[in-house]
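Take a look at the structure below.
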Amino acid sequence: MKFQERELWENIKSGEFLPVYLIRGDEAYLKQNYTKLLADHVVPAGLEAFNLHRFAGDTADLETIFTAVEALPAMCERTCVVVHDLDFGALNEAERDAMADFLKDLPDTCVLVFWQDTKPFPQKTKQQKELLKLIETAGAVADLNGRSRGELIRFLSSESKKRGCSISSAAAGYMIDTVGEDMAGLISELDKLCCYAEGTITEQDVDAICVKSLESTAFKMVDALVAENFDAVFQSLAILFEQRTEPAMILGALTSTFVDMYRALVAKEAGKSSGVLKSLFPNAYRSDFKLNNAVKRARRYSPEALRRSLEILADADTRLKSSIEDNRVIFEKMLVELAEVRRAC
């Protein structure tokens, strides 16, 4: 089977557990959360010592994992075996064959969970694709990717209530714009906000407490450049350097913002809606937030200005990697050049 988040949640609630699950996707918080939910629902509280077995994929050998899966449960219906980040791509031929044979005959007394946290499941070779198919046949492959903006707003509202505070939809949206869409990061900042705010979280609280995402800072720097508010531009740059943010990461965030704008403008010139970019670049635009920001900011630039801006960013990247010039000076020159290009074009 193939599951998205809703199907996985319904399956867990039903108690009709499958012999094997592959938990993968690009939202780390959801992957960790649903792995824990599976383990908690399969093994009754108080019986974990006998029936819940956890293995690190980089240290456990397959034979040890297989033995744990075949062990009979004690005082409950099933055991649960959680394997964190097994490197399926590193399995040799004999190990792949052993895994394939094992997946074809899984016991019904265990729920085996492969939690792919930082190691994606590779699908480059025929053998790897066959392993994935075997997991789909015997159990489920659950793809847990980032939630939409609306879902994140509802998530923040629900989680704030659990912490004894509240947040409006507008403030939650502003928090997402400021912190980013990573759910673990949002929860971390929400914990701080609920300790700081007096009942209801406001946008002012978000500004005062939350750590701004690099993407959010890049958006604001571009807006300040357009408004020719150089004090704000260089203040943002100073904060990033004070926080010891890697220069390559700062440049990458700025470049990504300009690339998004250029794509949006090219789509418009071709007579296409911005929605076409979601189909062409699904990993870049998982939610509408980033795409909408690109469309809005692209209106302030001509095609020539954006093309020249990308050339300036590429030149700055070369200078960062090859020049002995001070990194901060490189950025300051680049930002001035970006402002001049927009004004000239």
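The values are calculated or read from the model by the stated rules, or taken from the named source; none is laboratory data. Every value quoted in this text rests on a predicted model; they were computed, and no experiment measured them. Because the Cβ atoms are built from the backbone with ideal geometry, glycine has one as well, and the counts that use them run over all protein chains shown. Calculation scope for accessible area: heavy atoms of the full protein, side chains included, ligands and nucleic acids excluded. Shrake-Rupley method; radii C 1.70, N 1.55, O 1.52, S 1.80 Å.
FRET efficiency for the Lys278 to Glu151 pair, using the beta carbon distance and R₀ = 22 Å, is estimated at 0.85. The H on the amide N of Val111, modeled in the peptide plane, is under 5 Å from the matching H of Thr79, Cys80, Val81, each at least 5 residues off or on a different chain. Among the listed pairs Lys13/Lys119; Lys192/Lys220; Lys124/Lys212; Lys31/Lys212; Lys162/Lys278; Lys272/Lys333, which are separated by more than 29 Å between their Cα atoms? Too far apart for the 29 Å limit: Lys124/Lys212; Lys162/Lys278; Lys272/Lys333. The charge dipole of the stretch 265-330, taken about its Cα centre with unit charges on the Cβ atoms of Lys, Arg (+1), Asp and Glu (-1) only, comes to about 400 debye.
So what's the convex hull volume per residue for the Cα atoms of the stretch 178-231, in Å³?
Once divided by residue count, the hull of the stretch 178-231 is 84 Å³.
Under the shape rule built on the C-alpha gyration tensor, where the axes satisfy a ≥ b ≥ c, the stretch 147-274 is oblate, since a/c reaches at least 1.5 while a/b does not exceed b/c. Evaluated at q = 0.11 Å⁻¹, a Debye calculation over the C-alpha positions of the stretch 9-122 (equal weights, vacuum) places log10 I(q)/I(0) at -0.33.
Using only the Cα atoms of the chain, build the gyration tensor, take square roots of its eigenvalues as a ≥ b ≥ c, and label the shape rounded, prolate or oblate: rounded if a/c is under 1.5, else prolate if a/b is larger than b/c, else oblate. Verdict is prolate for the chain. Taking +1 at the Cβ of each Lys and Arg and -1 at the Cβ of each Asp and Glu, which of Val141, Ser158, Phe281 sits farthest along the dipole of the chain towards its positive end, judged by Cα position relative to the Cα centre? Value: Phe281. Accessible surface computed residue by residue for the chain, with neighbouring protein chains in place and a 1.4 Å probe, gives 50 Å² per residue. Under Stokes-Einstein, with the Kirkwood radius over Cα pairs as Rh, the value for the stretch 258-345 at 37 °C and 0.692 mPa s is 233 µm²/s. Spin-label model, Ala248 to Ser322: label points 7 Å out along the Cα-to-beta-carbon direction sit 1.6 nm apart. Here's the picture: charge each Lys and Arg Cβ at +1 and each Asp and Glu Cβ at -1 in the chain, and of Ser302, Gln235, Ala60 the one pushed furthest to the positive end of that dipole is Ser302.
Overall, the chain carries a charge dipole of about 1280 debye about its Cα centre when +1 sits on the Cβ of Lys and Arg and -1 on the Cβ of Asp and Glu, all other atoms neutral.
For the chain, taking a cut-off of 4.7 Å between Cβ atoms, the unpaired cysteines are Cys76, Cys80, Cys110, Cys195, Cys210, Cys345.
Rounded, prolate or oblate for the stretch 199-345? Axes are the square roots of the Cα gyration tensor eigenvalues, ordered a ≥ b ≥ c, and the cut-off for rounded is a/c under 1.5. Judged from the Cα gyration tensor, the stretch 199-345 comes out oblate (a/c at least 1.5, b/c at or above a/b).
Please sort through the DSSP H helices of the chain and keep those with an alpha-carbon extent of at least 30 Å along the long axis and a Kyte-Doolittle average not below -1.0.
Membrane-span-like by this criterion, though nothing is claimed about a membrane: 247-269.
Split the accessible area of the chain by element, probe 1.4 Å, and carbon with sulfur accounts for 50%. Here's the picture: charge each Lys and Arg Cβ at +1 and each Asp and Glu Cβ at -1 in the stretch 89-137, and of Ala100, Val113, Gly89 the one pushed furthest to the positive end of that dipole is Gly89. Among the GluC sites (Glu not before Pro) found in the stretch 148-216, those both in a DSSP coil and sparsely packed, with 12 or fewer other Cβ atoms within 10 Å of their Cβ, are Glu198.
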